[in-house]
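The values are calculated or read from the model by the stated rules, or taken from the named source; none is laboratory data. Not measured: the values here are computed from a predicted model. A quick note on method: Cβ atoms are made from the backbone with ideal geometry, for glycine too, and the neighbour counts reach across all protein chains shown.
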Amino acid sequence: MIFASELVERVAGQIKLRFLGENSGHDWYHIERVCKLARKIAIHEGADQEVVQLGALVHDIADWKFHGGDESVGPREAERLLLEEGAPQGIIDPVVDIVATISYKGAGVQTAMQTLEGCCVQDADRLDAIGAIGIARCFAYGGHAGRLLYDPATPPELHATAAAYKAARGTSLNHFYEKLFLLKERMNTAGGRLLAERRHQFMEEFVARFLDEWDGESAKD
């Protein structure tokens, strides 16, 4: 990975140590992929590379899903790490804003980024949630959280509020309808939208095949 500064390299080292063994799909390799994608998008958008890379590196530093739904832990932890590494306040503020705003919180909840840098990081994070890797991560997290693969008697729910989304305990397959299929239309940048197209199509094909096989049918029948 090409780092924008020594500060970014130091933060990357700290995050790698913390997340290398994580097993829910939010591991170091997820963070590294998001950082690379965000950098790629930022180049085309003309965004600040240091803020983008730092935002990508700390975006999951304390995800609310693993902290009882508390959305304040992530921004607080990101600020603490950046202060420890000597980041100036002019860098800390936009990075902390990215951490505070990046998460998807339900079909009926808008999480609009306030900065171009935030748009790049959010798009990169959402791109890693779709496509082939997104499928793998969906089922990895479902297993980690003790969720069923699929239950035909439990329909997907388009959550109208963040509270409803956080409280949901639906199946892994429902997550495609409740979040993953919606992300293509929520990309912020032209680069993000372009990269999302093929990944979205692959997910649609996968889910169609999954449901065929669930019913005991063959793709050739």
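A few comments on the model shown:
- All conditions in (1) loosely packed, with under 15 Cβ neighbours inside 10 Å; (2) modelled with pLDDT of 95 or more hold for LEU17, with the sole exception of (2).
- In the stretch 2-60, residue nearest to the chain's Cα centre (by Cα) [restricted to those that are charged (D, E, K, R) and more than 23 Å from ALA196 (Cα to Cα)]: GLU22
- Test result for VAL99, touching a His at 6+ places or on another chain (Cβ under 9 Å), part of a loop (DSSP other than H, G, I, E, B) and of a type in the set (A, V, I, L, M): no
- Identity of the residue in the stretch 125-135, of a type in the set (A, V, I, L, M, F, W, C) and either modelled with pLDDT under 95 or under 11 Å from LEU183 (Cα atoms) (or both), that ends up surrounded by the fewest Cβ atoms within 10 Å (Cβ to Cβ): ALA129
- Selection of the stretch 177-199 for residues being buried (at least 19 other Cβ atoms within 10 Å of the Cβ) and out of contact with any Phe, Trp or Tyr (no Cβ under 7 Å at 6 or more places or on another chain) yields GLU178, LEU180, LEU183, LYS184, MET187, ASN188, THR189, GLY191, GLY192, LEU195, ALA196, ARG199.
- Inter-residue pairs, beta-carbon under 6 Å, first under 15 Å from GLN110 (Cα atoms) and touching a residue at least 40 places away in the same chain (Cβ under 8 Å) and in the stretch 157-179, second of a type in the set (A, V, I, L, M) and in a loop (DSSP other than H, G, I, E, B), 6+ apart: LEU158/ALA107; HIS159/ALA107; ALA162/VAL109
- Among (1) farther than 17 Å from ILE133 by Cβ; (2) of a type in the set (D, E, K, R); (3) touching a His at 6+ places or on another chain (Cβ under 8 Å), the one test that LYS184 misses: (1)
Quick grid of which residues meet (1) in contact with an Asp or Glu (Cβ under 8 Å, 6 or more places away or on another chain); (2) touching a residue at least 40 places away in the same chain (Cβ under 8 Å); (3) not in a helix (DSSP H, G or I):
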site	(1), (2), (3)
PHE3	yes, yes, yes
LYS40	no, yes, no
VAL52	yes, yes, no
GLY55	yes, yes, no
GLU71	no, no, yes
ARG76	no, no, no
ALA87	no, yes, yes
PRO94	yes, yes, no
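- LEU148 vs. criteria modelled with pLDDT under 95, farther than 18 Å from LEU194 by Cα, touching a helix residue (DSSP H, G or I) at 6+ places or on another chain (Cβ under 8 Å) and of a type in the set (A, V, I, L, M): no
- Taking the criterion of being in contact with a Leu (Cβ under 6 Å, 6 or more places away or on another chain) and assigned to a helix (DSSP H, G or I), the only residue of the stretch 159-174 that qualifies is SER172.
- Filter pass, SER72 being in contact with a Phe, Trp or Tyr (Cβ under 7 Å, 6 or more places away or on another chain) and either surrounded by fewer than 21 Cβ atoms within 10 Å (Cβ to Cβ) or over 28 Å from ILE135 (Cα atoms) (or both): no
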